[in-house]
Amino acid sequence: MPTSSTPVGRTERLLNLVIALLWTRTWLTKSQIRQAIEPYANAKSVEAFERMFERDKDELRELGIPVVTGTNETLFDDDTTTTGYKIDREAYQLPVLDFTAAEATVLGIASRTWQQASLAGPAARALTKLRAVGVEPDSESLIGVEPRVRTVEPAFAPLYRAVGHRRSVTFSYRKPGGDTAERHLQPWGLLTWHGRWYVSGHDTDRDAPRVFRLSRITGTVKAVGRSGAYEIPDDFDARRVLSNDPAPTYPARLGLAAGTGQSLRMRACGDHPFDADQIDIDFTDLGSFAAELAGYGPDVVVLSPPELRRAVIERLEAFVAGSEEGAR
């Protein structure tokens, strides 16, 4: 797990603080914030928590997030122990914006990339703890912060942490021909290419840079060795490597709800109106494309081919089963 001192841990902590301060209808005291957010609760002392929180609060304000102070007390508003914090929603929210089709596509791709970050678990625990201490929620304030449907490549989260910590990993990898082999990698970065996720890095068995498709990683990605064990080169271009390895494409037909699936519409084949309720589109990897489509939930329906439709349904059923299990 990332610690609060790593870039990944700090980002996770800041995001959870933003969610907590947006989620509340009332002012959150320092005591409530410390109870809700794990890195604060794990601080060695009150002084360590105070220093961490003050740095985070200042960083959010420098980023333009309006953290404001106030109190829920009306009689003793000069009591510093009752001082609370929240985010001024009117100053935080954007005005209504209009986007071109191309801009909407870029935002759609960015939102799916954001959904891959494994931050939902700690954030959910923080909100549960706030409920436990009697903080009244305002769930509508989190619209646009929480992802809609999370369909994550299982290998993404451990590789994301390994890149952040510069820590080597091992995993079983299925070759295009179907055979599997154990790989040992110093991961450098994650990227998406034509709807598929890849990890780039230094293959220590071959002593050479390599790129691996996440959908072909089987089993568990295991971190080995110490953190900070290697440096990530600045001159390696994983996209150049991938562009020299074109993959075959397969046709699909999709049904789309009005006003949804802008990035899919931009990639459609043939001459479709941009607001068409059905489009034809090519894909290269069934698993990755099914995961992408499942992320749209009921807004996108696969009309053909049947194997793609089954793959999407399986992912949605797995998501529902996981949500029900987590609620027990």
Out of L191, L159, I need the residue that is modelled with pLDDT of 90 or more and aliphatic (A, V, I, L, M). Which one? L159
Read through the list (1) out of contact with any helix residue (DSSP H, G or I) (no Cβ under 7 Å at 6 or more places or on another chain); (2) open to solvent by 60 Å² or more (accessible area, probe 1.4 Å); (3) in the same structural domain as K175 (by the TED database), then give the number of the only condition that T218 fails. (2)
Being touching a Lys or Arg at 6+ places or on another chain (Cβ under 6 Å) and touching a residue at least 60 places away in the same chain (Cβ under 8 Å) narrows it down to one residue among S227, S263; which is it? S227
Sort out which residues of the range 63-79 are at pLDDT 65 or above and not in a strand (DSSP E or B), and write them in order of number. L63, G64, I65, P66, N72, E73
Residue satisfying condition, being more than 21 Å from the chain's Cα centre (by Cα), β-branched (V, I, T), modelled with pLDDT under 90 and open to solvent by less than 90 Å² (accessible area, probe 1.4 Å), within set I313, I232, I281: I232
Residues that are open to solvent by less than 20 Å² (accessible area, probe 1.4 Å) and at pLDDT below 85, drawn from the range 21-60: L22, W23, T24
Have a look at G270, G259, G255, G326 and point out the one that is modelled with pLDDT of 90 or more and farther than 29 Å from F212 by Cβ. G255
Of all strands (runs of 3 or more DSSP E) fully inside the range 192-277, the set with 3 or more residues that are within 19 Å of S304 (Cα to Cα) is 250-256
Residue in the range 278-291 that is farther than 22 Å from W193 by Cα and either part of a loop (DSSP other than H, G, I, E, B) or of a type outside the set (K, R) (or both) present: yes
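The values are calculated or read from the model by the stated rules, or taken from the named source; none is laboratory data. Because the structure is predicted, anything quoted here is derived from the model rather than measured. A quick note on method: Cβ atoms are made from the backbone with ideal geometry, for glycine too, and the neighbour counts reach across all protein chains shown. Note: areas computed on protein heavy atoms with side chains; ligands, DNA, RNA excluded. Shrake-Rupley method; radii C 1.70, N 1.55, O 1.52, S 1.80 Å.
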